[in-house]
Amino acid sequence: MSSQDKSSETTPSIDYIDGPMLPHLLQGSTDTTIPQTTTSLVPIITPPLATQTAASEEVADAQQYLLVPNSQRIIVRSAHHGKRVCTLVPKGDESIHAVTLVWLPVRGEEADTVDDEENDDEEDSGEWVVVAGCSDGTLQEWSITKVSAKSNEEVAPRRVFQLTCSKTEDVNMVHLTSPTVSDVSLASSLYEQKGGAPLYGLIHGTGKKSKKNSSCVVSCLLPRFDDNGDDQTEGSIDLKHLVPTKNLKSSTSREEKARLQKSHVCLKKGDSIFGLKAAYRPSSSTALADTMDYEVEEEDSNGISQGDLFLVICASKGFVIYRESIKSSSSKQEDGGEMVHFELPMKSSYQSKEQSAFSSIAISSDAKNLALGRLSGHMEILDDVFDNVAKFLNAQSNGQDVDQQQQHPEAVTVR
């Protein structure tokens, strides 16, 4: 290659990234341009989406898009050539704190005209939407299948929901995740079971009773968009309080720590949550579980199980797996879930505490394994960790004598 050819090469640069990468690692930084609330603003790749172009009524070939959020907007780029497609801008110029993808069933004129005998073919008809938690305590929504056809335009949200929580006076949503990203048929089944698309998040707020700043894990249900309905541009969603977080002192006794871990997401002193990931695992009694190779308790005193929802809550020095069992629509849903704490120290002693800190998490597409990335670049795969968590929690709830050290999922999971 000639020197002229070399000089014409494009050198990779951080300037090509629209938002900060792994910003949670910079929480201790003195750089004031990086807000603490951007810890979940990491790029997201969409599933393949078939879109309709503005100039034609024909559906274009399926494409994937890269969503690159920052605190002011979400840049939508083509995952094929990297060019900007459009920009998602929140209403009121509010700051964006968290972003996730959610699948919603379609309810509109086209769906209503489908004959009953054709309903089976249409049951998985839906759309992918981008949902952002903003600084004014709202959830704002864009339909990605529609905005992807807009060329270099700024796109306003389709719907805006004001969030409320019975435990806090205000709501600052700093993390969001949805368990419906991996599979459309699973998402459709889960939507029908729950009565909405489930969303999980981490909020900061001022306690109504204590008047102190607190953090807690919450959930809510996102309703489908009805093209034939009344004006849906604004609404409200009440958040369900799941479990609070608590930073423990290093002097906390083992007994006190075990007691608190039953009702709190316990973090080490000075640590904070940087990411949430969720997955749905159907029970083996459902047709959707044929390819999942996963079993949960088929029946208990509360009714027939339709599977488990798992939420991974990850901090730099440990993580928690929270489980919520999904019951049949005819049985009463439980008010809360159960959880297991993990610390997973590095096997190699030469790694410093800083280098061994967790920096990223991902769940496998079949919702069986969990991948953990560390600051050192080391990656660990926890095989069948969700199976192990389910068996451990089932044994506890059934009153079996469980050895907390020998049978704990952290001890039996292969990594």
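The values are calculated or read from the model by the stated rules, or taken from the named source; none is laboratory data. Owing to the predicted nature of the structure, the values given are computational and were not obtained by experimental measurement. Cβ atoms come from the backbone with ideal geometry, glycine included; neighbour counts cover every protein chain shown. For accessibility, only protein heavy atoms count, side chains too; no ligands or nucleic acids. Shrake-Rupley method; radii C 1.70, N 1.55, O 1.52, S 1.80 Å.
Residues in region 245-272 that are out of contact with any helix residue (DSSP H, G or I) (no Cβ under 9 Å at 6 or more places or on another chain), part of a strand (DSSP E or B) and within 24 Å of VAL385 (Cβ to Cβ): 4 in all.
Those strands (runs of 3 or more DSSP E) of region 165-237 in which at least 1 residues are surrounded by fewer than 20 Cβ atoms within 10 Å (Cβ to Cβ), considering only elements entirely within it, cover 197-206, 213-222. Summed over region 367-406, residues that are modelled with pLDDT under 85 and open to solvent by less than 60 Å² (accessible area, probe 1.4 Å) total 2. For LYS240, the conditions (1) out of contact with any Ser or Thr (no Cβ under 9 Å at 6 or more places or on another chain); (2) free of Cβ contacts under 8 Å to residues at least 24 places away in the same chain; (3) not in a loop (DSSP other than H, G, I, E, B) are fulfilled apart from (1).
Checking the conditions here, which among GLY235, GLY318 is modelled with pLDDT under 90 and either within 18 Å of the chain's Cα centre (by Cα) or not β-branched (Val, Ile, Thr) (or both)? Walk me through it before giving the result.
Values: GLY318 fails: modelled with pLDDT under 90.
From the options GLY235, GLY318, the qualifying one is GLY235.
For region 200-213, what are the residues that are among the polar types (S, T, N, Q) and over 20 Å from ILE237 (Cα atoms)? Scanning region 200-213 gives SER210, ASN213. Could you identify the single residue in GLU154, GLU118 that is charged (D, E, K, R), open to solvent by 70 Å² or more (accessible area, probe 1.4 Å) and at pLDDT below 75? Exactly one of GLU154, GLU118 is charged (D, E, K, R), open to solvent by 70 Å² or more (accessible area, probe 1.4 Å) and at pLDDT below 75, namely GLU118.
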